[in-house]
Each structure stands twice: as structure tokens, then as C-alpha cells.
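The values are calculated or read from the model by the stated rules, or taken from the named source; none is laboratory data. Fair warning: this is a prediction, and the values are worked out from it, not measured in the lab. Every residue, glycine as well, gets a Cβ built from its backbone with ideal geometry; the counts of neighbours run over all protein chains shown.
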Amino acid sequence: MHDLMSEKKNIKFPEDALVLVHRIMARYPPGRQKSAILPVLHLAQAEFDGWLSSPVMDYVASLLGIKPIEVYEVASFYSMFNLKPVGKCVIEVCRTGPCWLMGAEDIVTYLEKKLGIKTGETTPDGMFTLKTVECLASCGTAPMMQVGEKYHENLTCEKLDEILGEYRKNTEDHISHWAKDKIKSKEA
Amino acid sequence: MARKLLLENIDVPGINSMEAYRAHGGYAALEKAMRMKPAEIVEEVKKSGLRGRGGAGFPTGMKWSFIANPPGVPHYLICNADESEPGTFKDRFLMQRKPHLLIEGMIISSFALGANTSYIYIRGEMLYVLHILEKAIQEAYDAGYLGKNILGSGFDLDLYVHPGAGAYICGEETGLIESLEGKRGNPRIKPPFPAVKGLWDCPTVVNNVETIAAVVPVISMGGDEYAKIGIGKSTGTKLISACGHINKPGVYEIELGLPVEEFIYSDQYCGGIRGGRKLKAVVAGGSSVPILPSDLILKTPKGEPRLMSYESLSDGGFQSGTMLGSGGFIAMDETTSIVKNLWNFTRFYHHESCGQCSPCREGTGWMEKVLHKILTGHGTIKDIDLLWDIQGKIEGKTICPLGDAAAWPVASAIRHFRAEFEEYVKNPSKIKDVKHYYRLHDMPVI
Amino acid sequence: MPKVTIDGHSIEVPEGTTILQAARMIGGEIVPPAMCYYSSLKGSGGYCRTCIVRVAQGSAKDPRPMPKPVASCRTPVMDGMVVENITSPEVLEARKGVVEFLLINHPLDCPVCDQAGECDLQNLSFAHGTEKTRYEFPRRTFEKKDIGNYIKLHMTRCILCYRCVKVADQITDERVHGVMNRGDVAEISTYIEKAVENDFSGNMIDVCPVGALTDRTYRFKSRVWFLNPMDAHRDCKKCSGKAVLWMHGEEIYRVTARKDQNAEVKEFICNECRYDKKDVKQWVVEGPRHIDRTSVISANHYEDLNSLKHAIGEQQKKLQEKITQKTSGI
């Protein structure tokens, strides 16, 4: 309990992100600030280690002036929100029909073997989390996967080796979607 | 060479910038529109015969004319950029390459509908496209196309991009509205329709990206001219996302009425089936529409060539036809297992069901499990009949069309490929290459 | 006033009336069953799909039939509308399907469920279900949870009617529970461990159509049909104080709000009445509660003799009047 309380105190957006939060809230008419929940949760996820803990969600609720339960309901509905801790680099492989026709199955198998984890798990070093996701509207360049903001298309096993190598070298920008540096660059 | 209305100049370097877009005739339609009366724009759209490009194919002008006008209540226009129908990737392509076309369409359409605030609801996954759109929107503000008193017309418009967060159901217009209101993307029970009570209970129109983009050529060439393109009630051009086992996957702009055979085999489009194999089946309009075997996709039941149009593709009803849908064209060659592919689609709908109404919540998962049983060699003939029965009890009984979308692929696969299902049941030992590592759900495992 | 015809019975109803409400006004076997709709909760209904009907004629102005069956609880009637419920084999077949869907993941643990005997799902499957299941996969299960001192959440039994969420939204001051996740793993939950504590939380139990939310103070105490339901009231500052005492001898086993013929509560009661007033001296007992004779709860129960006498007296009076009229006519 004590840990949770001390954790709670530290949960606060940095100034630049707060400015962005308020700008997002202003996009909706007065009294409709709840509408900002999805963009703000995206920012929160990027800011607070790639996942949404309940204190983080409570903080978002307080920013938007809504009940915590409203945030839990929404966060648990959408598949992009991680409600459990994830690795620094979240690999999301498309598993839907068109990608499947083009061999997404083999891509996932290869990644599982290569990373030594099953879909949904994180490598012991906390580097990679492997997820399968639904159609990312990139069926013409199947099979494909997304890491952070980036789409990796026309995948082959050789290509995967190369991509994983790159991310191993540099995970800074790929913590999750809505990476922190984006927030800052937009403010600048 | 087919006419290009939406993809015109798509390969021009920097066409995503205001400067290049304007240099190639961009925003001329907006200038023309701002000299028109809103009602005249609606009239042009009606005359054009433009139909919703998101999947349902409802006449856009008619949809616009339904918008209610209670005094003192704002109108909203929302662009549905939540492109998530498997097999469809045209909207992402268009927004990424020509963001200003969508923005120009949004301004004209908002003016026509009397909306002073409009939103583009984009998939959260497409964050990089969101950045492209936001940059383009800023350029449009700077150029005086957005903001107060646009081009001296007295019309004000603010345009915002709103990200989703991973839910296919938010592509359904009332699910999208709920999501934009900051709630779970549960579709609403209709009536009331969004045109009467939509976003924040105000009259709202939700249109697909391609529909709104198509308003630009409709205005620049005039509704009557636009209606001359295409065939019958399928007017204009349509973006087709072609994928699967073809030589040249990609986004193609076709004039509606193009023969399906030409689309598949011509080098101008798909360039034939990869490896010279035979075509087995096609899902012509995104994963939700009925799958057709090659003979029925190429020819109508009467033996006439099947055309890429709303009417021709649905010729023969669900017995022997399908739908143009969103234009997600998925080709499958002779090596494809229809049963396995169907299982994947069913898994998708199971994963994406919002869970509000019982037939969809319970039925989609049930169908997936039965298919899984068949695929792993434990099925019986009774299971095939059971699948048929379950899909019939979902179709048309749900709050929103996701139930239908989950049922149609199952019905059509059994209708046209029953022999293949029976093969799986009768000769389970012959089932090779059936890999199953996906968990039934990657949400809480129970 | 629009006129609607349901299974051949016509009725004029106020503007805005739904098909289900109109059917209830007509009454009898043509009333569609409803598992999620609750007339005293705003915006309820539309989810479970048990009340679906066929609209054979949309209205006098536009006589086209509606293309799909509609949820009667959420579809307003139009003048000249023609509705088919029990006269449509398609509707009955579809309803059978809905009942099957609701049951495939239901634990069917009625023998140990406190709701048995007053369970809408039990009644529904008795009337519209089949005796056999075609579902052969493991059923979905959840851990049982206590949400506060008074309510047991047995999520495995839930049919996601959203009624308890609407109660919390509309009649309590703060909602701390809701629907988490989506699809067939959606669940009623507080997300993090939290007690549902407010003066009206007990009503969540009353509106639950199944045994997903049960009264912890009454858990496993008795089968409902062994108790004597008595109408009673007390002066209460928070609510109407009108309740039903479920008694065994002189002992109050539980207190609930009063449900009407559609099993709906019209006057919600507060937790003080429900949980803190378990002594019969704290109540003014009005007499035995009328229970529909088709309910298992009515087994071995005697009706309120006084009202029975009164009713017979009224009938006799009417008869006497008729006879007098006739004789005076001669």
C-alpha cells in the first residue's frame, strides 16, 4: 500500500506534455472533455513506461474530471492499451487474414523462436514484447508488423534478423506508440 | 488508361505538402465551393450519384440531406478514417500520400453540412499518418482554408484529428461516435440515427475518407459530369485495395464497371495470380463480404462478365453474388485452405466483437471454436451444419452490422466450399500444415 | 395517438411508446420477454435481443416491412405499424437462438444459485429454450468476488444486461463498477479491488436478472420458495420505505424492493431498509404479497384472505347490480 502511495505522487506529466493535454482537451466543446480520453491515454502510456497502471489511469481521470471507473472501462476496451508492463520495444505482428495468406504465421513462429518467448510475453531482459494484432491496413505489403510508430512491411525471416538487430542497438525511440520525443518535437 | 480522380498526381514528389498540392490544382474545388450555397453543394453531390465508399454504399447526397436542423444546435461532420476492414488499405494510402485532398474534401463537406467543427477519427495504430494529417491541417490554417472566415465567405471551421486505440467496431458509425465521446466503442441502438442525434446528441454525418475525398472531384467537375463515369448507379471511380496471392498488390483507382477479370489479370492492375497458379476464390470487398469461387467472381450466374460495380458484384444475391463493400480485394490461389482462412476471419470477428449484444458476443466465439475443432481433425458433419445454424442465428439479430460481417464469410464459405469442409471432417489424417499457435484470445485468458 | 397492431391485437398508445411497452399494455402471451430492458432505468435495453420482433409493416405512411427483426424494447411504434411476435415462426426461431447464446456460457448451477426461483433466465429458458445444449467447449468462468459487504459478484452467471451499471449511474451518487474488456470476455468489475458502498447499492441485486449479483446477507440461507413474502413499509427519509419482507416464521431473512408483474422495481429502496431493518417490529406489515400463481414462489402460499374476500364481495355486488338492472327492465 505504501509503495502504491509513493508511486502515485510521482505520476505527473512533465510540463510540455501537460500543455499538449490541455490543447487536446480544448478540441472538444466545454463539458465534453471526456472526449480527450483516448489521446490522453496514449500520451500517458508513452510517458509512463508503455503501459497503464491503475494510478496512471486515476491520474488521467483527475485531469479530465471524470470517475476512475470511466477510464478503466475505456482502457480495457481498446487493444492498444497495455494494462500490464511491457518491454521497451513492443513488436506487433498482424495476424489477420490477408497477412496470414502471405505467411504471417511463419513470421510469428520465427519471432517466437528467435526471441525465446511466446506471443504475449516479454523477453527476460525486458527488451522485447511480442504481440499479435489485427489488420493494420497494410495488406498489400503483407506480411507486416508494427514497432512503435513504424510499419515494417513485406517481411521475411532475413529482414526480421536485421530489424531486431537495429532495435537491440537502439530502443530509445521505440518505447511504444506515441513516443515521448514526439510530444516534445511537436511542442518545439 | 482509366481516369484518375483521387490518385491523380499521387507520385508527384512532395504532393503531401500544401505547395505541391496547390501547384497541381489543389484547393481550386474549395474556392469554387465557397462561392456556392451549401444547398447547391449538396445538390451536386446528389447529382453525382456518389455512394459511401466505406462499405455500405449508401448514396452520400441522400445521407447529407437527412441531417436534422433543430435551431441553435451545432452540426458535426466526422470523417471515418478508422480503416480496419481486413483487406482494405486505401484510406491509409490516400491520407499518407495526399492528405490535402481529404482536408479539402472535409472543408467543402463541412460547409455543405453547416458544421463548424469537424473531426477526422483515425486509427490509433496509424500514428504516423496522424502526424502527416496534423501537419497538413496546420498548413491549411496558415493558408486561410481553415479557421475563421474561410476565403472571406464568413464560414468558420475547425478541423481536428482524433485517434482511436485499437477497435474494429469503431469503424461502425455509432461505435465511432461513442468512441469520440470518450467511451467504449459500443454501437448505439438505432433509431435515432446520427443525422438526428449523433455526436453529443447533435445532428452528425459520418463519412468514409474516400467518400469525402471524392467530393473534391464532384465539385470541380460538377455532379453531372462525375455521374457519367462508371456504370449505372455505380458512378465515379473507386479505390480498390488489392492483396493476397496476386503479382501486383496495391491501391488501384478504377472506373466502376471495370470487368473483374481485367482487374485481376491485366498488368495495369493486379497482374495475375502469383507463380502462374490458378485463382481459387476472391473476397471482393473486405473480409466481411461473402467469398466467391473463381468461376462466380469472374462471371455472373447468367454467364455475363462480372464487373467491379455495386450492382454487378451483388448480382445473384448471396446465393451466387457478393458485395463491393470497402473495395478490399483479397485473392486466394489454389493452394489456399478455405477452412483455415475462414477460421482466421472468424477469430478476427470474435476478437473484435464489442460484447454488447448476446448473439454476436457468444456466437462469434462459438463459431471460432467449432472451426478450430474441424481444423484440428476432430470435426463431424454435424459441426458443419451447426456452423451454418449458428451463423443464421447471428445474422440480422444484432445491434450493429458486425454480426452480419461475422456471419456472411461463414455462410458463403460453406455454401461454395462445403466439399472442402467435409474433406477436413472425413479425412482428418490428411490435414497437413495446420499450425495453431495463436491463443484464442490475447485478452485475459480465462 | 399512434395505433399499433401486435399479433392481431390493436391498441392506441401515446407518442414515443415502444413496441414492448405497447405489448405490455395489451398483455398476455404476446408480450415479448425482456432480459436487459428495465422500464425504470433510462437508456436500458437493446442488448440481450430476446425481445426481438418482426415489423411486418413499418407504418401507415410507409408500409414496407423492416428488413431485420428489431428490439421491441427500443423501437418506438409508428401509426399503423404491424408487429409480429408469437405469430412469426422466424421470430420464435430467432428467440430460441438468443436463449441458446445466453446459455452456452452460463454455468447452469441453478441448484446452488440463490436466484433460482426468481431468475429471469431460468424462466426464459423454460419458455423458449431447448432441453439440450449443442455447445461442447469449456464454459467461460470467472472468480467469485465480494464487491463490498453486501454484494457477491458471480460473474460467470452474468448475461451483461448493463442494468446494474445503469442503477449505479442513475440512482447512486458514485459508480465504482462497470464493464471491463470486450467481446465474450467482457465482465462486470470494479477493476481494482473496491467496495460498492452507497445508500442505494442494494438495488443492483434487485435489478440483476440472473444470479450474478446476490445479497451476501442472504446467501445460502433459504430457497426463495420456502419464504413468505410480505408487503411492508416503514417511514424512511431516504426512500419510499415500501418493501417486501421475505420471512420465515417471525424472522426476516431478507428485504427487497417490490417488483411488478414484469419483475421490475418501480420504487427503489435504500440500504438502510434493505440491510439494517431485519426486525419485523421495525416495519408495518401490510399482508402477504401477491405472487403470480405461475411462479414457483407461490407454491404452498395462501393469498391474502382479506383481499380475496373483498374481491369476491365486489364480484357479488356487480352480479347483484346486473340482476337488479335486468329485473327492473322487465
Please count how many residues of the stretch B:10-37 are of a type outside the set (A, V, I, L, M), part of a helix (DSSP H, G or I) and surrounded by 18 or more Cβ atoms within 10 Å (Cβ to Cβ). 1
Can you tell me which residues in the stretch B:142-158 are in contact with an Asp or Glu (Cβ under 9 Å, 6 or more places away or on another chain) and either outside any loop (DSSP other than H, G, I, E, B) or without any contact (Cβ under 8 Å) to a residue 24 or more places away in the chain (or both)? B:GLY147, B:LYS148, B:ASN149, B:ILE150, B:LEU151
Looking at (1) under 23 Å from C:ARG219 (Cβ atoms); (2) β-branched (Val, Ile, Thr); (3) not assigned by TED's automatic domain parsing to the domain that holds C:LYS166, find the lone condition where C:ILE151 falls short. (3)
Within the stretch B:116-165, the residues that are among the aromatic types (Phe, Trp, Tyr) and in contact with a Gly (Cβ under 6 Å, 6 or more places away or on another chain) are B:TYR141
Do any residues in the stretch B:164-189 that are closer than 13 Å to B:CYS354 by Cβ and more than 11 Å from chain A (Cβ to nearest Cβ) have Cβ atoms under 6 Å from those of residues that are assigned to a helix (DSSP H, G or I) and of a type outside the set (Gly, Ala, Ser), where the two are at least six apart or on different chains, and which pairs are they? B:LEU176/B:CYS170; B:PRO187/B:THR174; B:ARG188/B:THR174
In the stretch C:114-134, what count of residues is obtained for those that are free of Cβ contacts under 8 Å to residues at least 60 places away in the same chain, surrounded by fewer than 18 Cβ atoms within 10 Å (Cβ to Cβ) and not polar (S, T, N, Q)? 4
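Just to confirm my filter: which helices (runs of 4 or more DSSP H) fall fully inside the stretch B:198-309 and include at least 2 residues that are more than 30 Å from B:ALA68 (Cβ to Cβ)?
Details: elements: B:209-221, B:223-228, B:260-265, B:294-298.
Result: B:223-228, B:260-265, B:294-298.
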Test: residue in the stretch C:145-157 that is at pLDDT 95 or above and within 11 Å of chain B (Cβ to nearest Cβ): yes
Please work out if A:TYR28 is buried (at least 21 other Cβ atoms within 10 Å of the Cβ), within 10 Å of another protein chain (Cβ to nearest Cβ) and part of a helix (DSSP H, G or I). no
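Would you mind finding the one in C:GLU136, C:GLU131 that is part of a loop (DSSP other than H, G, I, E, B), more than 14 Å from every other protein chain (Cβ to nearest Cβ) and more than 29 Å from C:GLU251 (Cα to Cα)? Explain how you work it out, then say what you get.
Working: C:GLU136 fails: more than 14 Å from every other protein chain (Cβ to nearest Cβ).
Selected residue: C:GLU131, the only one of C:GLU136, C:GLU131 that is part of a loop (DSSP other than H, G, I, E, B), more than 14 Å from every other protein chain (Cβ to nearest Cβ) and more than 29 Å from C:GLU251 (Cα to Cα).
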Just to be sure I understand the filter: pairs with C-beta atoms under 8 Å, separated by 6 or more residues or on different chains, first member in the stretch B:107-123 and over 16 Å from B:ILE177 (Cβ atoms), second member modelled with pLDDT under 95 and in a helix (DSSP H, G or I). Which pairs pass? none
Please count how many residues of the stretch B:123-150 are under 26 Å from B:VAL73 (Cβ atoms) and aliphatic (A, V, I, L, M). 3
For residues in the stretch C:28-57 being touching a residue at least 60 places away in the same chain (Cβ under 8 Å) and within 11 Å of chain B (Cβ to nearest Cβ), which is surrounded by the fewest Cβ atoms within 10 Å (Cβ to Cβ)? C:GLY43
Scan (1) within 14 Å of chain B (Cβ to nearest Cβ); (2) surrounded by fewer than 22 Cβ atoms within 10 Å (Cβ to Cβ); (3) assigned to a strand (DSSP E or B) for the single condition C:LEU92 breaks and write down its number. (3)
Could you please find all residues in the stretch B:98-139 being more than 14 Å from chain A (Cβ to nearest Cβ) and of a type in the set (A, V, I, L, M, F, W, C)? B:LEU101, B:LEU102, B:ILE103, B:MET106, B:ILE107, B:ILE108, B:PHE111, B:ALA112, B:LEU113, B:ALA136
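Being touching a residue at least 12 places away in the same chain (Cβ under 8 Å), part of a helix (DSSP H, G or I) and surrounded by 24 or more Cβ atoms within 10 Å (Cβ to Cβ), is that true of even one residue in the stretch A:157-174?
Taking the stretch A:157-174 and keeping what is touching a residue at least 12 places away in the same chain (Cβ under 8 Å), we get A:157, A:160-161, A:163-164, A:167-168, A:171, A:173-174.
Filter again for part of a helix (DSSP H, G or I), leaving A:157, A:160-161, A:163-164, A:167-168, A:173-174.
Still in the running and surrounded by 24 or more Cβ atoms within 10 Å (Cβ to Cβ): none.
No - not one qualifying residue is present in the stretch A:157-174.
Being within 13 Å of chain A (Cβ to nearest Cβ), in contact (Cβ under 8 Å) with a residue 60 or more places away in the chain and either surrounded by fewer than 24 Cβ atoms within 10 Å (Cβ to Cβ) or more than 25 Å from C:TYR162 (Cα to Cα) (or both) narrows it down to one residue among B:VAL209, B:VAL215, B:VAL196; which is it?
Working: B:VAL215 fails: within 13 Å of chain A (Cβ to nearest Cβ); B:VAL196 fails: within 13 Å of chain A (Cβ to nearest Cβ).
None of the other options fit; the residue is B:VAL209.
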When (1) in contact with a Lys or Arg (Cβ under 9 Å, 6 or more places away or on another chain); (2) more than 26 Å from C:PRO69 (Cα to Cα); (3) in contact (Cβ under 8 Å) with a residue 24 or more places away in the chain are applied to B:VAL282, the one that fails is (1)
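From the set of residues in the stretch B:345-371 that are over 26 Å from A:VAL74 (Cβ atoms) and under 19 Å from the mean Cα position of the chain (by Cα), which is nearest to the other protein chains (Cβ to nearest Cβ)?
Here is the first cut: in the stretch B:345-371, the ones over 26 Å from A:VAL74 (Cβ atoms) are B:345-346, B:366-367, B:369-371.
Next, from what is left, pick out any that are under 19 Å from the mean Cα position of the chain (by Cα): B:345-346.
On the way: B:PHE345: 5, B:THR346: 10 Å.
Step by step, filter the stretch B:345-371, then rank; the result is B:PHE345.
If you scan the stretch B:282-298, which residues turn out to be in contact with a His (Cβ under 9 Å, 6 or more places away or on another chain) and either within 14 Å of B:TRP408 (Cβ to Cβ) or aromatic (Phe, Trp, Tyr) (or both)? Spell out how you get there, then give the answer.
The initial filter retains those residues of the stretch B:282-298 that are in contact with a His (Cβ under 9 Å, 6 or more places away or on another chain), namely B:290-293, B:296.
Across the stretch B:282-298, the qualifying residues are B:PRO290, B:ILE291, B:LEU292.
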Confirm whether B:MET95 is touching a Leu at 6+ places or on another chain (Cβ under 9 Å), under 27 Å from B:ALA20 (Cα atoms), away from chain A (no Cβ under 12 Å) and not in a strand (DSSP E or B). no
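Looking only at the stretch C:2-14, count how many residues are in contact (Cβ under 8 Å) with a residue 24 or more places away in the chain and exposed (fewer than 15 other Cβ atoms within 10 Å of the Cβ).
Our first condition is that a residue be in contact (Cβ under 8 Å) with a residue 24 or more places away in the chain; within the stretch C:2-14, this holds for C:2-8, C:13.
Next, only the ones that are exposed (fewer than 15 other Cβ atoms within 10 Å of the Cβ) stay: C:8.
Number of matching residues: 1.
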Enumerated strands (runs of 3 or more DSSP E) restricted to the stretch C:176-233, each holding at least 2 residues that are of a type outside the set (A, V, I, L, M) and within 14 Å of chain B (Cβ to nearest Cβ): C:187-189
Quick one: in the stretch A:118-148, which of the residues that are more than 12 Å from every other protein chain (Cβ to nearest Cβ) and surrounded by fewer than 23 Cβ atoms within 10 Å (Cβ to Cβ) is nearest to B:GLY87 (Cα to Cα)? A:THR122
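Residues are listed down the side, and each one gets a yes or a no for (1) more than 22 Å from B:LEU127 (Cβ to Cβ); (2) surrounded by fewer than 20 Cβ atoms within 10 Å (Cβ to Cβ); (3) of a type in the set (Val, Ile, Thr); (4) more than 9 Å from every other protein chain (Cβ to nearest Cβ):
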{"site": "A:ARG32", "(1), (2), (3), (4)": "yes, yes, no, no"}
{"site": "A:ASP49", "(1), (2), (3), (4)": "no, yes, no, yes"}
{"site": "A:VAL90", "(1), (2), (3), (4)": "no, no, yes, yes"}
{"site": "A:MET102", "(1), (2), (3), (4)": "yes, no, no, no"}
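Within the stretch A:52-65, can one find any residue that is closer than 20 Å to C:THR190 by Cβ and surrounded by 24 or more Cβ atoms within 10 Å (Cβ to Cβ)? Spell out how you get there, then give the answer.
In the first step, residues of the stretch A:52-65 are kept if they are closer than 20 Å to C:THR190 by Cβ; the result is A:52-62, A:64.
From the residues that got through so far, the ones that are surrounded by 24 or more Cβ atoms within 10 Å (Cβ to Cβ) too are A:57, A:60.
Within the stretch A:52-65, one or more residues are closer than 20 Å to C:THR190 by Cβ and surrounded by 24 or more Cβ atoms within 10 Å (Cβ to Cβ).
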